[in-house]
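Below is one structure, written out as structure tokens; the observations come after it.
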Amino acid sequence: MSENKPFKPSKKKLEKARKEGKVLKSQIVTQACSVAGTALAGLFLTRACLVKNKMLLEYLLLEGFRYPFESLWLAWGELVKIGVGSLLCGCAVGTIVEILQVGFRFESALLAPKASRFDVSNGFKKIWEGLKGGWLKILNLLVLFFCFFHFLGALLQDAKQMFFLPVEQLVQAYQRWYLAMLLLMAGVLFGLGVLEYLIRRRSFFKELSMSHEELRREHKELEGDPHHKSARRVMHESIMQQDLVARVRRARVIVVEK
């Protein structure tokens with residue numbers, strides 16, 4: 001409780017929480033960057049293969065009825081190349097954003113089997129915690145659906161005019177529409193991600209906050225730590241050695257132990 005635990009978590013407690021998999025991050029920010037990276041990579045790969053795709057489209061229109069299975073195989077091959085390349089770029093962007101949020105560190109203890117993972121009560125507790133924060137996910141989906149259908153309606157309104165455009169102008173119009181929708185969705189998702197981060201930060205520090213008794217106990221443990229003792233002794237000796245000669249007013253010989 002915040003009344004009984006008014007102190008912020010110490011570095012040792014944060015390190016322990018990190019080893020248990022409890023880190024402060026926003027999943028929506030990672031998802032937004034992954035989606036943006038996937039979409040931009042898909043657009044870039046589609047433009048890079050535009051000439052090849054035009055030739056493939058002409059081949060499908062001319063030879064698709066004569067050789068349906070071969071045409072379908074060629075079309076699926078191109079779609080798989082673009083899709084896999086886009087997904088790999090999105091995963092790379094998401095991984096980079098995740099590292100920027102929590103830092104890069106591998107904890108082998110998280111991969112070890114634990115009995116607490118098979119605890120039913122612990123599972124229901126996590127489900128309940130997820131349901132409590134479900135309103136943010138619902139808001140996220142509603143905003144995404146609104147943006148998508150808004151741009152879809154605008155695209156359908158301009159479909160009659162775009163239908164008679166040449167192929168180059170049609171591709172440019174599609175790219176402008178695609179980029180506008182992508183930028184709006186990425187901006188909205190990033191804003192929701194910042195909101196989620198602030199909410200998670202408050203609950204994270206509230207959960208890991210420490211009482212005065214916990215601080216005293218941790219301080220005693222540090223005092224009894226041999227590494228801490230040796231570091232404190234070295235610091236004390238270095239302080240005592242500073243200006244040793246200046247503190248001696250009258251002396252013919254000064255013996256300093258090395």
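Only the coordinates and a few stated rules stand behind these numbers; no lab work does. Computed from a prediction, not measured in an experiment: that's the story for all the values here. Reconstructed Cβ throughout: ideal geometry from the backbone, glycine too, with neighbour counts over all protein chains shown.
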For A48 and H150, calculate 0.36 nm times their separation in residues minus their Cα-Cα distance, and state this gained length in nm to one decimal.
33.9 nm
With a Förster distance of 30 angstrom and the Cβ-Cβ distance between L142 and L79, calculated FRET efficiency to the nearest 0.05 equals 0.50
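How do R66, R200, R47 rank when sorted from fewest to most other Cβ atoms within 10 Å of their own Cβ?
On the way: R66 8, R200 17, R47 12.
Ascending Cβ contact count within 10 Å gives the list R66, R47, R200.
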Could you give the nm distance between label points at E213 and K11, where each point is 7 Å from its Cα heading toward the beta carbon?
2.7 nm
Figure the gain on full extension for H236 and F69 (residue separation times 0.36 nm, minus the Cα-Cα span) and round it to one decimal in nm.
52.0 nm
Output the pairs from K25/K137; K11/K206; K12/K206; K13/K137; K5/K25 with a Cα-Cα distance over 26 Å in this structure; if there are none, say none.
K13/K137
